Protein chains: 4
Amino acid sequence: MDHFLHDHPVTPRTDAEKQAVINRLKRIEGQVRGIQKMVEDDRYCADILVQISAINAALKKVGYQVTERHMKHCVTDAVQSGQGEEAIDELMEIMKHFSK
Amino acid sequence: MDHFLHDHPVTPRTDAEKQAVINRLKRIEGQVRGIQKMVEDDRYCADILVQISAINAALKKVGYQVTERHMKHCVTDAVQSGQGEEAIDELMEIMKHFSK
Amino acid sequence: MDHFLHDHPVTPRTDAEKQAVINRLKRIEGQVRGIQKMVEDDRYCADILVQISAINAALKKVGYQVTERHMKHCVTDAVQSGQGEEAIDELMEIMKHFSK
Amino acid sequence: MDHFLHDHPVTPRTDAEKQAVINRLKRIEGQVRGIQKMVEDDRYCADILVQISAINAALKKVGYQVTERHMKHCVTDAVQSGQGEEAIDELMEIMKHFSK
């Protein structure tokens, strides 16, 4: 992504913050592997759909977590240093893309 | 899930069908691991959000693939054997849950 | 839309069915007008967003209602008359478009 | 909604801004009435679904427009006056509700 600011967040994530996101992602990774196994075992499609739906929900939660942090640190910092408009345009672009 | 019919699809998936779905899922698994790395490296939040959005799109595509197969085999078979209503109710429940 | 079958559903909607859908749509129409008033009165953006979100939810419910009927009548009939594949392809196209 | 700040946006909307949103909403209102007519005329369900999908897309666009303005005025102002966290929490709540 051709973002306007930097490669790293303004305020570095704490280890606890990182771990919380990584834990969620590890669970999602496990769920994705679980579905591979279901497909291999030729399990009933509706059950597979339910699992895909569960991952979808879990992924949304990580998305919210990252978005909230992004707004509370990067966007807030950008607003305070007079670059709020660019940061908000960037975030809106991502949000529009997301819901596609 | 407490589905009404069976543990397996009416028409077993061919190996090619299985492989197509599993390949998509393996790519998604890799993408999820990629985001873990981005979080560890304390990468810019907006870039992470773009990657989460990409997984979201990839997951939707697997969902469509499985749904289409489900309708063309399981639901179709259920309709032909007089159990269409139950199969459709089941699918509607999943769809409603999905978009939450 | 360039659909493959007909201009009308296979089984005509009963008056009660029609009225149920129309009532929901009339409520949505009223909600949309309500938001116009909020914008005219220069109401707080967050309150407007909450109302847009409510319409979004109401619209989804009508969508499910129509989809369920479509599957239980049009798709079911198509399956029974050997045109199930076309009907399912058509529905999948709409579903993909929907979530965009 | 029990919002934390005020009944009105910090910067009042200009007439042009109001008109742009109201025009979009009027078009949506017309689309909703159009679907009522389709239901009354017992039109093919798939065509009705396509129209519902079009309203859904139009509604999303209004949502983005209002969200962008909200962030560029209300949230930005809140950040500058030291109430950014509350404003962001409020917006996150709405976003979570939206995608349900």
For this session: Once you've got the GNM for chain D with C-alpha springs shorter than 10 Å, pick whichever of D:Thr76, D:Thr67, D:Thr14 has the biggest mean-square fluctuation.
Result: D:Thr14
Exercise. Which of B:Gln31, B:Gln51, B:Gln80 moves the most in a Gaussian network model of chain B with Cα springs under 10 Å?
Worked result: B:Gln80
Seminar exercise, completed: Expressed as a whole-number percentage, the relative contact order of chain B with C-alpha contacts under 8 angstrom and at least six residues apart is 36
Seminar exercise, completed: Expressed in square angstrom to the nearest 10, the accessible area of B:Glu93 with a 1.4 Å probe stands at 110
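Taking every pair of distinct Cα atoms and averaging 1/r, then inverting, what Kirkwood hydrodynamic radius in Å comes out for the protein assembly as shown?
Values: mean 1/r = 0.0436 Å⁻¹.
One decimal place: 22.9 Å for the Kirkwood radius.
To the nearest 20 debye, what charge dipole does the protein assembly as shown have about its Cα centre, counting +1 at the Cβ of each Lys and Arg and -1 at the Cβ of each Asp and Glu? Don't jump to the answer; show the numbers that get you there.
Working: 56 positive and 64 negative charges, 0 e Å.
For the protein assembly as shown, the charge dipole is close to 0 debye.
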Problem set entry | Residue-by-residue Karplus 3J(HN,Hα) for region D:77-90, coefficients 6.51, -1.76, 1.60, Hz, glycine and proline x | 4, 4, 4, 5, 9, x, 10, x, 4, 4, 5, 5, 4, 4
Problem set entry | Helix axis angle, A:15-40 relative to chain A longest principal axis, alpha carbon, degrees | 30
Problem set entry | Reciprocal of mean inverse Cα separation for chain D (Kirkwood radius, Å) | 15.8
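State in Å² the accessible area per residue of chain C; use a 1.4 Å probe, count heavy atoms of protein chains only, and round to the nearest integer.
Working: 4540 Å² over 100 residues.
Heavy-atom SASA per residue in chain C reads 45 Å².
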For this session: Run the numbers on region D:53-71: which residues show a drop of 50 Å² or more in accessible area, chain on its own versus all protein chains together, using a 1.4 Å probe over heavy atoms?
Result: D:Ser53, D:Asn56, D:Leu59, D:Lys60, D:Tyr64, D:Val66, D:Met71
For this session: On a 0 to 90° scale, report how tilted helix B:45-70 is relative to the longest principal axis of chain B, with both axes built from alpha carbons and the result rounded to the nearest 10.
Result: 10
Problem set entry | Count of lysine pairs in chain C with Cα separation under 20 Å (8 or more residues apart, or interchain) | 14
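The values are calculated or read from the model by the stated rules, or taken from the named source; none is laboratory data. All values reported here derive from a predicted model rather than from experimental measurement. Reconstructed Cβ throughout: ideal geometry from the backbone, glycine too, with neighbour counts over all protein chains shown. Surface areas here come from the heavy atoms of the whole protein model, side chains and all, with no ligands, DNA or RNA. Shrake-Rupley method; radii C 1.70, N 1.55, O 1.52, S 1.80 Å.
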